[in-house]
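Below: one structure, written as structure tokens.
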Amino acid sequence: MKVLQLPLSEIGFYSKLMLDYTEGHPDLVPFYKHVPHLHSFPDVIENRNQFPFYRDELVTVLSAQHHAYFEKFPLVKSNVVSILNANTFTVTTGHQLCIAGGPSYFIYKIISTIKLSQELKAKYPQYNFVPVYWMATEDHDIEEINHVHLYGKKLIWDTKEQGASGRLKTDSTTKFLEELIDLFKNEAYGNEVAILLNEAYANHSTFAEATRSFVLSLFGEQGLVVVDADSAPLKKLFSSIIRDELDEQASSSIVEKTSARLEKNYKIQVNPREINLFYLDDQLRERIVSDEHHQYKVLRTDLTFRREFMLDLVDKQVERFSPNVILRPLYQEKILPNLAYIGGPGELAYWLQLKDLFEHYSVSYPVLVPRNNAVIVPSKALDKFTKLGFSEKICSGISMISFENG
């Protein structure tokens, strides 16, 4: 195969913010803590050790979520148990739950995470580095995740359920999978993919469990750990910030101030809400807002709660609260012994709006690492493309791989 590697600046896809971040432009330096290079990690580890850990609680939850896979994937078990050790840290990526995995960069993000963990272990063998995929199981935009585009067709998973995506039932995926597998039948490795997908969705009742099964079938041998943060024990570790968000609503003003500074040179990715929490229940994930009477309302429902009741709910049923895009990174870094987050351009753009928020809550801010990208082009298509006079660079990502056998 032929491999063409290009710098980000030649692709024409990345924003000024992302290019400036990768090049270390002075305008962005105030908005992150660590330079994304291997030599930064001793400082990152020293910094992370200054913040609280919840290793015992985390391992208890992860063991429960992965116990069915420990025998098949011993390295997953070893990595989960190793989190109890003071010299073990995580490297994390995250993504929505998409039917059948979704876009290819979902895979690239996980590969990038595993690869960085391996590179860190080679350079710093006195430490352990566990690759983590954080499943965004509480996202609720079903129309964004219920389809795939393949071979010029759009295949849709027709589900009537609502609420957090990880809780969706998989019994309605049969028709979608039949159509998808029919498209794969003449492809190399098509049968293997069909088996993995059937095992994932037929043998697990929820979308979260099916996604974990599918991802581990691909990356379990590399020791990937798959976190479902829709968990009462994990949210209990975050409950003080949930309570403060309801009572003080500090995140909005903090992020707005950071965004105003960032916006002098760059486009802002996200805007905070007055309260950056959702109310979560079966078939429901809706924004929480407050009114002039110091009551809390759940949008698009009849639910209204007094302040005292809502704060008491944090203690008694913390799983009812779900962080939005502003607080989710804070939740992740609060509960994981994490050193680096690997994300796409849009993700890293909003992480750059959050450093002051992390400092306000005394939560460790990780290294932000751009995910790797690739475009895979069959050799025949590449030949036709170049014969028409187009440059290979036009259709390239970070790497273009051309299979010589078509």
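Nothing in this text is a laboratory measurement; each read-out follows from the coordinates by a stated rule. The structure presented is a predicted model; accordingly, all values stated were derived computationally and were not measured. We place every Cβ from the backbone using ideal geometry, glycine too, and count neighbours over all the protein chains shown.
Would you mind working out the magnitude of the charge dipole of the range 8-105 relative to its Cα centre, with +1 at each Lys and Arg C-beta and -1 at each Asp and Glu C-beta, to the nearest 20 Debye?
320 debye
Normalised radius of gyration for the range 236-323, please: alpha carbon Rg relative to 2.2 N^0.38 Å, two decimal places. Please report the intermediate quantities before stating the final value.
Working: Rg = 14.3 Å, N = 88, 2.2 N^0.38 = 12.1 Å.
So the range 236-323 has a normalised radius of gyration of 1.18.
If I take the Cα coordinates of the range 63-106 and project them onto the principal axes, what are the three extents in Å, biggest first?
34, 23, 15
If you filter the range 16-90 for GluC sites (Glu not before Pro), then keep DSSP loop positions with at most 15 other Cβ within 10 Å, what is left?
Here the GluC sites (Glu not before Pro) that fit, given the DSSP loop and packing criteria, are Glu23, Glu71.
With point charges of +1 on the Cβ of Lys and Arg and -1 on the Cβ of Asp and Glu, referenced to the Cα centre of the chain, which listed residue (Phe51, His39, Val91) lies farthest in the positive direction of the dipole?
Of the options given, the answer is His39.
I need the chymotrypsin sites (Phe, Trp or Tyr not before Pro) found in the range 173-262, filtered to DSSP loop residues with at most 16 other beta carbons within 10 Å of theirs. Mind showing how you got there, number by number?
Working: sites: Phe176, Phe184, Tyr189, Tyr201, Phe207, Phe214, Phe219, Phe238; in loops: Tyr189, Phe238.
Listed in order of number, the matching sites are Tyr189.
Assuming R0 = 51 Å, what is the FRET efficiency of Gln283 and His37, from their Cβ-Cβ distance, to the nearest 0.05?
E between Gln283 and His37, to the nearest 0.05, is 0.65.
Antiparallel as a % of all DSSP beta bridges within the chain, to the nearest 5?
Percent antiparallel among DSSP bridges in the chain is about 45.
Tell me which residues come under 5 Å, amide H to amide H, from Asn338 once H is placed; ignore anything under 5 positions away on its chain.
Under 5 Å from the amide H of Asn338: Thr90.
Quick check: the angle from helix 174-184's long axis to the longest principal axis of the chain, C-alpha only, nearest 10 degrees?
Tilt of helix 174-184: around 30 degrees.
Note the angle between two axes, namely the Cα long axis of helix 105-123 and the longest principal axis of the Cα atoms of the chain, as a number of degrees from 0 to 90, rounded to the nearest 10.
Taking Cα atoms only, the helix is inclined about 80 degrees.
Using the beta-carbon distance between Asn87 and Phe51 and R0 = 22 Å, what value does 1/(1 + (r/R0)^6) give for FRET efficiency, to the nearest 0.05?
It comes to 0.90.
Pop the C-beta distance of Thr174 and Leu303 into the FRET formula with R0 = 30 Å and round what comes out to the nearest 0.05.
Using R0 = 30 Å, I get an efficiency of 0.30.
What ranking do 337-349, 296-308, 31-43 get when scored by the average of other Cβ atoms within 10 Å per residue, highest first?
337-349, 31-43, 296-308
Over the Cα atoms of the range 129-185, how large are the radius of gyration and the largest Cα-Cα distance (Dmax), in Å?
Rg then Dmax for the range 129-185, in Å: 13.5, 40.
Is there a pair in Lys175/Lys334; Lys169/Lys316; Lys77/Lys235; Lys160/Lys236; Lys109/Lys387; Lys154/Lys267 whose C-alpha atoms are over 29 Å apart, and which pairs would that be?
Over 29 Å Cα-Cα: Lys175/Lys334; Lys160/Lys236; Lys109/Lys387; Lys154/Lys267.
Where the centroid of each part is defined by its Cα atoms, how far is the range 254-279 from the range 333-380 in Å?
First find each Cα centre; the distance between them is then 16 Å.
Taking every pair of alpha-carbon atoms in the chain, give the share separated by more than 30 Å as a whole percent.
On the way: 37317 of 82215 pairs.
Taking all Cα-Cα pairs of the chain, the fraction more than 30 Å apart is 45 percent.
Along the range 78-92, what does the Karplus equation 6.51 cos²θ - 1.76 cosθ + 1.60 (θ = phi - 60°) give for ³J(HN,Hα), rounded to whole Hz, x for Gly and Pro?
Calculated HN-Hα couplings, in order: 4, 5, 4, 5, 5, 5, 5, 7, 5, 9, 10, 9, 10, 10, 10 Hz.
How large is the direction-averaged shadow of the alpha-carbon convex hull of the range 137-282, in nm²?
12.4 nm²
In 10 Å bins starting at zero, report the fraction of Cα pairs in the range 274-317 per bin as a rounded %.
P(r) for the range 274-317, in whole percents per bin: 27, 64, 9.
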